[in-house]
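Since the structure comes first, as structure tokens, the remarks are kept for the end.
The values are calculated or read from the model by the stated rules, or taken from the named source; none is laboratory data. None of these values were measured; they are calculated from a predicted model. Here the Cβ is made from the backbone with ideal geometry for all residues, glycine too, and neighbour counts use every protein chain on show. Remember, those area values only see protein heavy atoms, side chains included, never the ligands or the DNA or RNA. Shrake-Rupley method; radii C 1.70, N 1.55, O 1.52, S 1.80 Å.
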Amino acid sequence: EELLTELYDRTLTGNGPAVLELTRQGLADGLGPETLLYEALIPSLEEVGARFERGDFFVPEMLIAGKAMAGALEILRPLLAETGADQIGTVVMGTVKGDVHDIGKNLVNIMFEGAGFQVIDLGVQVSPEKFVDAVKTHKPDIVGFSAFLTTTMPMFKANINALTKAGLRDQVIVMVGGAPVTQEYADVVGADGYAADASAAVVKAKELIR
Ligand code: B1M
């Protein structure tokens with residue numbers, strides 16, 4: 001599919017307007033939102049990351065590619081979240097302190113909404129105190145922590161410790177995820193659930209609230 005290749009290329013070079021146009025065009029041509037996501041946008045950002053690691057891309061390139069993808073995600077959001085599913089639970093989500101990556105977290109939120117969860121998004125750089133306050137206020141079924149850097153993953157443990165100290169650990173299911181996170185790491189910090197991507201996160205969440 002030519003359009004998917006072009007969408008991949010334009011995301012890679014961070015051409016925001018072209019990415020928006022191609023996303024709209026793809027939908028008009030009958031391509032599903034999942035196809036655009038999993039066959040163009042996400043693979044393109046993976047390549048951006050690979051180029052960054054090799055030193056072929058720098059932070060500005062990573063930033064504009066991320067912005068281009070975020071724009072496309074806003075077009076896809078209503079389509080991915082619209083299923084008419086019954087409300088099945090509440091999730092508080094945030095990217096941990098020290099970490100500004102939010103595209104993956106936002107995608108998880110969209111999928112949660114599509115599955116019938118009410119999502120309270122605390123944004124990025126969320127401190128343990130802020131997570132604790134939100135759990136107290138909203139009494140969610142699940143609290144989700146995203147971390148995208150090996151240097152910010154230890155915040156999972158800090159967040160869990162803060163919940164324990166506040167006497168809330170037993171009242172909420174803790175889920176963790178993000179690019180460098182593994183099931184092993186999730187087990188080590190004492191999380192209740194881990195998922196590698198947004199679709200798996202929904203499956204896991206449904207399993208855990210049962
Ligand atoms: Co940064 N970055 N970045 N970055 N960035 C990564 C994450 C990196 C892997 C790139 C690389 O080297 N290959 C690398 C981390 C290496 C590591 O620690 N192991 C990295 C780095 C090093 C950095 C900086 C330190 C660079 C620097 O300044 N020298 C810096 C850190 C800033 C900070 O946070 N303090 C930085 C900055 C940035 C930008 C701001 C420029 C931009 C972010 C824009 C934004 O998010 N608004 C950016 C980008 C775009 C990336 C890459 C290229 C793409 C991330 C992305 O959106 N992917 C990324 C490379 C990569 O991931 N391969 C990279 C698409 C997204 C859909 O996937 O985020 O994995 P992902 O989310 C998935 C899953 O992880 C999962 O579901 C999501 C959807 O399927 N998931 C969950 C996520 N949260 C979950 C929670 C769950 C369950 C599943 O339960 C609660």
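Among the residues of segment 1-17, those identified as open to solvent by 20 Å² or more (accessible area, probe 1.4 Å), modelled with pLDDT of 95 or more and touching a Ser or Thr at 6+ places or on another chain (Cβ under 9 Å) are 8, 9, 10. Checked against the criterion of being modelled with pLDDT under 95 and outside any helix (DSSP H, G or I), segment 20-33 contains one or more residues that satisfy it. Consider residue 20 against the criteria (1) within 15 Å of the ligand (Cβ to nearest atom); (2) over 30 Å from residue 129 (Cβ atoms); (3) touching a residue at least 24 places away in the same chain (Cβ under 8 Å): it satisfies all of them except one. Which criterion is unmet? So residue 20 meets the others, but not (1).
Condition first: open to solvent by 60 Å² or more (accessible area, probe 1.4 Å) and either in contact with a strand residue (DSSP E or B) (Cβ under 7 Å, 6 or more places away or on another chain) or closer than 15 Å to residue 176 by Cα (or both). Now tell me which residues in segment 126-148 satisfy that.
Looking only at segment 126-148, we keep the residues that are open to solvent by 60 Å² or more (accessible area, probe 1.4 Å), and these are 129-130, 133, 136-139, 141.
Those that are open to solvent by 60 Å² or more (accessible area, probe 1.4 Å) and either in contact with a strand residue (DSSP E or B) (Cβ under 7 Å, 6 or more places away or on another chain) or closer than 15 Å to residue 176 by Cα (or both): 138, 141.
Suppose we filter 120, 110 for residues that are under 15 Å from the mean Cα position of the chain (by Cα), at pLDDT below 95 and hydrophobic (A, V, I, L, M, F, W, C); which single one remains? Only one candidate qualifies: 110.
Would you check if there is a residue in segment 53-64 being modelled with pLDDT of 95 or more, part of a helix (DSSP H, G or I) and open to solvent by less than 70 Å² (accessible area, probe 1.4 Å)? The answer is yes; a qualifying residue exists. Selection within segment 23-46: residues that are loosely packed, with under 15 Cβ neighbours inside 10 Å and among the acidic types (Asp, Glu). The member of this set that is nearest to the ligand (Cβ to nearest atom) is 46. What residue, among those in segment 171-210 that are touching a Ser or Thr at 6+ places or on another chain (Cβ under 7 Å) and surrounded by 20 or more Cβ atoms within 10 Å (Cβ to Cβ), is nearest to residue 90 (Cα to Cα)? Result: 177.
Residues are listed down the side, and each one gets a yes or a no for (1) modelled with pLDDT of 95 or more; (2) more than 19 Å from residue 87 (Cα to Cα); (3) within 14 Å of the ligand (Cβ to nearest atom):
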{"residue": "142", "(1), (2), (3)": "yes, no, yes"}
{"residue": "157", "(1), (2), (3)": "yes, yes, no"}
{"residue": "170", "(1), (2), (3)": "yes, yes, no"}
{"residue": "182", "(1), (2), (3)": "yes, yes, yes"}
{"residue": "186", "(1), (2), (3)": "yes, yes, yes"}
{"residue": "193", "(1), (2), (3)": "yes, yes, yes"}
{"residue": "198", "(1), (2), (3)": "no, no, yes"}
{"residue": "201", "(1), (2), (3)": "yes, no, yes"}
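Criterion applied to 123, 94 was being in contact with a helix residue (DSSP H, G or I) (Cβ under 7 Å, 6 or more places away or on another chain), small (Gly, Ala, Ser), open to solvent by less than 30 Å² (accessible area, probe 1.4 Å) and outside any helix (DSSP H, G or I), and the one residue passing it is 94. Annotation note: Cβ proximity below 6 Å between a residue of segment 100-114 that is open to solvent by 30 Å² or more (accessible area, probe 1.4 Å) and a residue that is more than 6 Å from the ligand (Cβ to nearest atom) and in a loop (DSSP other than H, G, I, E, B) (sequence gap 6+ or interchain) occurs for 100/124; 102/124. For segment 65-90, residues that are touching a strand residue (DSSP E or B) at 6+ places or on another chain (Cβ under 8 Å) and either near the ligand (Cβ under 8 Å from one of its atoms) or open to solvent by 40 Å² or more (accessible area, probe 1.4 Å) (or both) total 2. What are the residues in segment 97-119 that are more than 13 Å from the ligand (Cβ to nearest atom) and part of a strand (DSSP E or B), if any? The one that is more than 13 Å from the ligand (Cβ to nearest atom) and part of a strand (DSSP E or B): 118. Against the condition at pLDDT below 95 and crowded, with 18+ Cβ neighbours inside 10 Å, how does residue 162 come out, does it pass? Spelling it out, it is not the case that residue 162 is at pLDDT below 95 and crowded, with 18+ Cβ neighbours inside 10 Å.
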